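First comes the structure, then the notes that go with it.
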Amino acid sequence: MNRTLERAALLLGVLVLLASLQFCAALAGAAAALVGALLLSAGATWLWLRFDLPSGAVWVPPLVIALLCEAVAAVLDLSLRPSFFGLFAFLPAALGSGITVFLLRRSQARCGLCNRSLSSAALVFACPRCSMHVCDETCWSFEHQRCQLCLDQRVPLLPVEESWWMRVAGPRSRHDRCQVCRGAADQVDLRLCPHCRRAQCRDCWDFTNGECQRCRTALPELPASLAHTVASPVGAD
């Protein structure tokens, strides 16, 4: 909540600064008002998007800035310096803001889930399951080490080939229960931890990123994308 209020206050400050500078430019005449609207709108839009301030749809910054510049020009023209051209300040303002939005959107990497600019994120993660780059604010699960979409959809990662499971965990266990989901051997495919010999089903091995929930040891030969999310594999020492 505090972060939201902080960003809203910063956006208000940017808009007040824009209105003040546009007012000063308009005092110099209609030509200065039009040129000022073009340049100032581009600068204000850059600040708006660079600091990832509240915006909503892509057309919101150009619309708000164009209306603000037009309001400043209209107030000044109607009260102090009547000028036909000053009433069209919204055109260069919309143009400058729109071009800036287009260029920044093309050049900035954005979160694959919330579309937030990754340049303003404290941390950026590449999901080991879908390879999507996401921000740390709401789109990454620190507990499960994957993006929220892969967590919600239970996207698998570990190989499905029986030869791989035979090589890293041995044959299927016909006894015991999964220590995570408590599934019985006749219901799930149980594989024993190579280190502590506790059983986990293949689905739970995948869900825990190949890590045993008892001894916290990882299976060998895990996908390279999981290297930073798990403990040392068996035999790594």
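What FRET efficiency comes out for the pair Leu63/Ala9, r = Cβ-Cβ distance, R0 = 22 Å, nearest 0.05?
Efficiency at R0 = 22 Å is approximately 0.60.
Determine how large the accessible area of His195 is when every protein chain is in place; take a 1.4 Å probe and give Å² rounded to the nearest 10.
About 120 Å², ignoring ligands and nucleic acids.
Sort 62-69, 9-16 by the packing proxy (mean of other Cβ within 10 Å over each peptide's residues), most packed first.
Final packing ranking: 62-69, 9-16.
Expressed in nm to one decimal, what extension gain is obtained for the pair Glu162 and Asn115 from 0.36 nm per residue of sequence separation less their Cα-Cα distance?
Separation in residues times 0.36 nm, less the Cα-Cα distance, equals 13.1 nm.
What figure, in Å² to the nearest 10, do you get for the accessible area of Val35 with a 1.4 Å probe and non-protein molecules left out?
Looks like 80 Å² after rounding.
Ignoring everything but the protein chains, give the 1.4 Å probe accessible area of Arg7 in square angstrom, nearest 10.
Rounded to the nearest 10, the figure is 50 Å².
The values are calculated or read from the model by the stated rules, or taken from the named source; none is laboratory data. Keep in mind the model is a prediction, meaning the values are calculated, not measured. Note that each Cβ is placed from the backbone with ideal geometry, even for glycine, and that neighbours are counted across all protein chains shown. These area figures cover heavy atoms from the full protein model, side chains too; ligands, DNA and RNA do not enter into them. Shrake-Rupley method; radii C 1.70, N 1.55, O 1.52, S 1.80 Å.
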